[in-house]
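See below for the structure under consideration.
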Amino acid sequence: MKLFTTIAQMREEREAIDGHLGLVPTMGYLHAGHIALARQAKKENAVVVVSIFVNPKQFNPGEDLTTYPRDIGRDIKLLEDESVDIIFAPTVEEIYPTGHSTYVNVDQIASRLEGIQRPQHFRGVATVVTKLFSIVNPTRSYFGQKDGQQLLVIKRLTQDLNLATEIRSVPTIREADGLALSSRNLYLSSQERQAAPVIFRSLCHIDQLWQSGERNGNILRQEIRRFIQNEPLAKIDYVSIADMVDLEELSIVNEPAMASVAVRFGKARLIDNILLEDIV
């Protein structure tokens, strides 16, 4: 496995690669969800690059940039065990040199949900992802469904900017009790950790309602809220049932639709989603 920390190194290596290349962008502190992305990339490409970069541009003031969990040594060992070919782990100065002033904005779809709660978040995401695509030039790029809005934003920017990479999504990886894997789960106290699976249970609840024929968006959103509010430690940021084009809230819910939530447990802010679609 090779470890590169500069753009020049990564580009030189890319020029020497003839086969398909898969990119897995991460912010490090890897868990089984990231490993699932790397394994999928390994199946579909001759070479796999995992990027590790805690992107300061997607953190808003007062968020957890300085305390975001980091352990590059642990990450390297995990990726070696998965036979990943290349780790690209640039510094902040390498990605955003002095004088950097160019950003990528995705309208509409990025202005809702997380875009309301975390202004400028998706500007940072879209900018760094566009940079990574430019540097690594991947055939395919891999993202988890857990960050459902992010996945849709990246698909949109790739389409709108005619970027030459295929966006591949991988299903959310969960703990046995349904909690979606996230680096921020580390912030949960033991009591909060026991309470947090209420998020996924609420989504499963309204999926059952939808599968049974309930199509009223307001009723479905109210049911998610009612379910989560039964947990005293949970504080809801938002509940959404929206289309898969611009994330516009639906009054009548026909497929395809995404049900998504953001919920706080103490200092941990957790997001999750499911797709409402017919069971085949």
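The values are calculated or read from the model by the stated rules, or taken from the named source; none is laboratory data. Everything numeric in this text was worked out from a predicted model, so none of it was measured. Neighbour counts are summed over all protein chains in view; Cβ atoms, including those assigned to glycine, are modelled from backbone coordinates with ideal geometry.
What to note about this one:
- The single condition among (1) more than 18 Å from VAL263 (Cβ to Cβ); (2) in contact with a Lys or Arg (Cβ under 6 Å, 6 or more places away or on another chain) that LYS235 does not satisfy is (1).
- A residue that is touching a strand residue (DSSP E or B) at 6+ places or on another chain (Cβ under 8 Å), assigned to a loop (DSSP other than H, G, I, E, B) and of a type in the set (Lys, Arg) can be found somewhere in region 107-124.
- Any hit, region 50-62, residues being over 24 Å from ARG118 (Cα atoms) and outside the structural domain of ARG264 (by TED's automatic domain parsing): yes
- Residue selected from region 144-191 under the condition more than 14 Å from the chain's Cα centre (by Cα), more than 17 Å from ILE109 (Cβ to Cβ) and of a type in the set (A, V, I, L, M, F, W, C), by the criterion surrounded by the fewest Cβ atoms within 10 Å (Cβ to Cβ): ALA176
- Verdict on LYS131 being of a type in the set (Lys, Arg) and in a helix (DSSP H, G or I): yes
- Filtering region 81-103 for residues that are touching a strand residue (DSSP E or B) at 6+ places or on another chain (Cβ under 8 Å), modelled with pLDDT of 95 or more, farther than 24 Å from GLU12 by Cβ and among the aromatic types (Phe, Trp, Tyr) leaves an empty set.
- Residues that are touching an Asp or Glu at 6+ places or on another chain (Cβ under 9 Å), over 30 Å from LYS43 (Cα atoms) and modelled with pLDDT of 95 or more number at least 1 in the following strands (runs of 3 or more DSSP E) confined to region 160-273: 235-243, 257-265.
- ALA41 closer than 23 Å to THR165 by Cα, surrounded by 17 or more Cβ atoms within 10 Å (Cβ to Cβ), modelled with pLDDT of 95 or more and among the small types (Gly, Ala, Ser): yes
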